[in-house]
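Read-outs: derived from the displayed coordinates by stated rules, not from any lab. Owing to the predicted nature of the structure, the values given are computational and were not obtained by experimental measurement. Cβ placement follows ideal geometry from the backbone for every residue including glycine, while neighbour counts extend to all protein chains displayed.
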Amino acid sequence: MNEIAQWVVLSFIAVFLVGLTRQLGLFIVPRREQLEAMGPVVNRSIPKDLLSATEQKRFARVLAESPTTWGLVVVIDSNCHGCHNMLAQLKKRSTPSHAPIVALVQSGADDTFIDEVREVVDVAISDPGGERRTAVGIAATPYVMIVGESGKVLHRSVTSDLRFAVARWRTETRDHPRPAETTDGWKDQAFTKEPKPNHVRAESGSQSGNGSRT
């Protein structure tokens with residue numbers, strides 16, 4: 001009888017632990033997802049604390065001249081290994097769908113990092129002390145946001161791989177389509193615009209800090 005009682009107790013403990021593990025799994029959020037959720041809210045406009053109204057208009061002009069209905073806003077840091085990996089990738093090949101990039105760059109006063117960034121993005125904005133990213137809750141870099149033509153954040157990722165971020169967003173959009181009024185031209189899954197004749201990248205290569213890609 002004692003042996004049977006022991007087995008009953010052990011079985012009860014095993015069932016309890018399995019149930020507890022499943023319940024904890026519902027509440028424990030992976031660290032990356034926590035970091036992503038700490039930034040700007042999806043389906044809301046980019047905060048002006050991150051990009052000023054003038055900078056947002058500048059992004060809109062660049063996006064209007066691009067072949068896509070969306071662009072990338074990335075927050076990077078010269079002390080971030082993943083950010084250097086992102087730059088290395090951009091030097092080798094263009095962005096997904098040739099989407100434009102605005103980079104908010106945290107670097108030291110004498111750092112040449114922002115000059116490297118200007119070579120591979122459309123608009124580079126200096127945020128030396130990281131005050132802007134801190135103001136909107138971004139706690140990790142590289143932080144990638146996909147932004148639609150209306151200026152709304154469509155997706156956010158903490159990754160150095162822009163193609164991964166875009167692929168992840170496209171998968172999420174297909175699996176969980178948003179209402180038509182918030183899709184920024186996505187209700188027909190139109191990831192790109194009709195080609196424009198004599199396409200020229202807006203403000204490319206100007207002295208204002210814009211970069212260019214081939």
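Order the peptides 98-107, 85-94, 122-131 from the highest to the lowest mean number of other Cβ atoms within 10 Å of their residues. Write down the numbers at each step before the final one.
Values: 98-107: 23.9, 85-94: 14.7, 122-131: 18.9.
Ranked by mean Cβ neighbours within 10 Å, highest first: 98-107, 122-131, 85-94.
Nearest 20 debye, what's the magnitude of the dipole of segment 37-109 about its Cα centre given +1 on Lys and Arg Cβ and -1 on Asp and Glu Cβ?
Its charge dipole is roughly 180 debye.
Given a Förster radius of 41 Å and the C-beta distance between A88 and E33 as r, what FRET efficiency does 1/(1 + (r/R0)^6) yield to the nearest 0.05?
So, using R0 = 41 Å, E works out to roughly 0.95.
How would you classify segment 49-174 from its alpha-carbon gyration tensor, with a ≥ b ≥ c the square roots of the eigenvalues: rounded for a/c under 1.5, else prolate if a/b is greater than b/c, otherwise oblate?
rounded
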